[in-house]
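Okay, so here's the structure we're looking at.
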Amino acid sequence: MNLDELNKVARAMVAPGKGILAADESTGTIKKRFDAIGVENTEDNRRDYREMMFRTAEAMKNHISGVILYDETIWQKAKDGTPLVKIIEQMGAIPGIKVDEGTKPLPNCPGELITVGLDKLADRLTKYYEQGARFAKWRAVIDIGAGIPSYTAIRTNAHALARYAALCQAAQIVPIVEPEVLMDGDHDIDRCYEVTEFMLKETFQELYYQRVALEGMVLKPNMAVPGKKSAKKASVQEVAEKTVKMLKECVPGAVPGVAFLSGGQSDEEATAHLDAMNKIGNLPWGLTFSYGRALQAAPQKAWSGKAENVAAGQRAFTHRAKMNGLAALGQWKADLEKAKAA
Ligand code: 13P
């Protein structure tokens, strides 16, 4: 393992004013997104949609540090035959790859999940590196509900995350470690804080046991937010203050960067929260975005599967990338949203 090189990539992923585009929806998940805009879920449509984003020079060159790809996409070629990975590189962004193979029920823990995909991961990582991937992602899912999460789910998922991270570093790939505490449910922000804190502490303990070099990884956590069905809402400032406090309690300063998932927050909420955290300032790590839905919902809608809408889709993508890039610097203002390119 060349840690200097891993550290260089990790720092580039969280470079000031830039963040990560999570475009790694599985074929099943992108179907749900395409269903919502009336687009058939074919290989060509998935390619055309992602090619549209990757060719958006203004967004990609100025605001996107890296792109998380799904297995299908990393091998795909654009319409003109250029590998999609090459287009991402030409835009100055780093290609990355989702390597977990989804979730399975966790035995003895009703309703809870374990992320799978460790078997043969070492071989797959070698192939992904050869194909251009310089970072990877593995997502653990922790749900909050009556009597859950169990310690079994927290510990088993943290262990798998750490095993994955160690395998990545051995293959000279920066692991994005993503322990996602879901925002489904009716819990309040303090319950989310408590569960996320537990999960993060357990994750860093397991990373230590697996001898993962913190300088060569990026953390992708959820923010401390109330559940979607919670009766108790939280202000932007409360989310920002509690999330920063939670991260400071749990994330060692040796970690180069934290790149949040959006997790079902609205586009503007995801941007406002990130901005408010960066306005607090004085943080030991870079704090940016690794959004899927909060970057893509607007361009998906604008594109709607029609070739004549590509320019509109690209404008919408540029706008969201720019807003989040400003938020990563703590320089976003709510009125900038209105200047949205139509
Ligand atoms: P969302 O921003 O839509 O939560 O997706 C990010 C991601 O990569 C989840 O694994």
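The values are calculated or read from the model by the stated rules, or taken from the named source; none is laboratory data. Note that this is a predicted model, so its numbers are computed, not measured. So basically every Cβ, Gly included, is an ideal-geometry build from the backbone, and we count neighbours across all protein chains shown.
Checking N282 against (1) within 16 Å of the ligand (Cβ to nearest atom); (2) of a type in the set (S, T, N, Q); (3) surrounded by fewer than 22 Cβ atoms within 10 Å (Cβ to Cβ), which single condition isn't satisfied?
All conditions pass for N282, except number (1).
For the range 251-274, does any single residue satisfy the condition of being in a helix (DSSP H, G or I), farther than 16 Å from L21 by Cβ and more than 16 Å from the ligand (Cβ to nearest atom)? Let's see the steps before the verdict.
Initial filter on the range 251-274 (in a helix (DSSP H, G or I)): 267-274.
Pick out the ones that are also farther than 16 Å from L21 by Cβ and you get 268-269, 272-273.
From what is left, the residues that are more than 16 Å from the ligand (Cβ to nearest atom) are none.
Checking the range 251-274: not a single residue is in a helix (DSSP H, G or I), farther than 16 Å from L21 by Cβ and more than 16 Å from the ligand (Cβ to nearest atom).
State whether one or more residues within the range 107-130 are within 15 Å of the ligand (Cβ to nearest atom), within 26 Å of K18 (Cα to Cα), modelled with pLDDT of 95 or more and not acidic (D, E).
Scanning the range 107-130, I find no residue that is within 15 Å of the ligand (Cβ to nearest atom), within 26 Å of K18 (Cα to Cα), modelled with pLDDT of 95 or more and not acidic (D, E), so the answer is no.
In the range 275-309, what residues are closer than 30 Å to G216 by Cβ and part of a helix (DSSP H, G or I)?
Filtering the range 275-309 for residues closer than 30 Å to G216 by Cβ gives 275-296.
Listed by number, the residues that qualify are D275, A276, M277, N278, K279, I280, R293, A294, L295, Q296.
If K201 satisfies every condition in (1) of a type in the set (K, R); (2) out of contact with any helix residue (DSSP H, G or I) (no Cβ under 6 Å at 6 or more places or on another chain); (3) over 21 Å from A327 (Cα atoms) but one, which is the exception?
Single failed check for K201: (2).
Given the condition over 21 Å from N324 (Cα atoms), buried (at least 24 other Cβ atoms within 10 Å of the Cβ) and more than 16 Å from the ligand (Cβ to nearest atom), answer yes or no: does some residue in the range 213-224 qualify?
Yes, that holds for at least one residue.
Does the range 194-210 include one or more residues that are under 30 Å from V99 (Cβ atoms), assigned to a loop (DSSP other than H, G, I, E, B) and not aromatic (F, W, Y)? Spell out the reasoning first.
Let us first name the residues in the range 194-210 that are under 30 Å from V99 (Cβ atoms), namely 194-210.
Imposing the further condition that a residue be assigned to a loop (DSSP other than H, G, I, E, B) reduces the set to 210.
Now narrow it down to the ones that are not aromatic (F, W, Y): 210.
Checked the range 194-210: at least one residue is under 30 Å from V99 (Cβ atoms), assigned to a loop (DSSP other than H, G, I, E, B) and not aromatic (F, W, Y).
With the condition kept exactly as written, say whether any residue in the range 7-19 is more than 17 Å from the chain's Cα centre (by Cα) and farther than 17 Å from K322 by Cα.
Scanning the range 7-19, I find at least one residue that is more than 17 Å from the chain's Cα centre (by Cα) and farther than 17 Å from K322 by Cα, so the answer is yes.
Show me the strands (runs of 3 or more DSSP E) entirely contained within the range 92-163 in which 3 or more residues are surrounded by 18 or more Cβ atoms within 10 Å (Cβ to Cβ) and under 17 Å from the mean Cα position of the chain (by Cα).
94-98, 135-142
Which condition from (1) without any contact (Cβ under 8 Å) to a residue 24 or more places away in the chain; (2) under 20 Å from E25 (Cα atoms); (3) not charged (D, E, K, R) is the one that F317 breaks?
(1)
Does A307 qualify as being farther than 25 Å from V212 by Cβ and within 16 Å of the ligand (Cβ to nearest atom)? Break it down into steps so the answer makes sense when it comes.
Numbers: farther than 25 Å from V212 by Cβ: yes; within 16 Å of the ligand (Cβ to nearest atom): no.
No.
Cβ-Cβ distance below 7 Å, separation of 6 or more or different chains: which pairs start in the range 97-118 with a residue that is touching a residue at least 60 places away in the same chain (Cβ under 8 Å) and end on one that is surrounded by fewer than 18 Cβ atoms within 10 Å (Cβ to Cβ) and among the hydroxyl-bearing types (S, T, Y)?
G102/S26
Is one or more of the residues making up the range 228-236 within 13 Å of the ligand (Cβ to nearest atom), within 27 Å of T203 (Cα to Cα) and at pLDDT 95 or above? Can you show your working first?
If we filter the range 228-236 for residues that are within 13 Å of the ligand (Cβ to nearest atom), which is where we start, we get 228.
Next cut, within 27 Å of T203 (Cα to Cα) only: 228.
Narrowing the set further to residues that are at pLDDT 95 or above leaves 228.
So far as the range 228-236 goes, yes, one or more of its residues are within 13 Å of the ligand (Cβ to nearest atom), within 27 Å of T203 (Cα to Cα) and at pLDDT 95 or above.
Residue check, L261 against (1) of a type outside the set (K, R); (2) farther than 21 Å from V236 by Cα; (3) surrounded by 17 or more Cβ atoms within 10 Å (Cβ to Cβ), all met but one. Which one?
(2)
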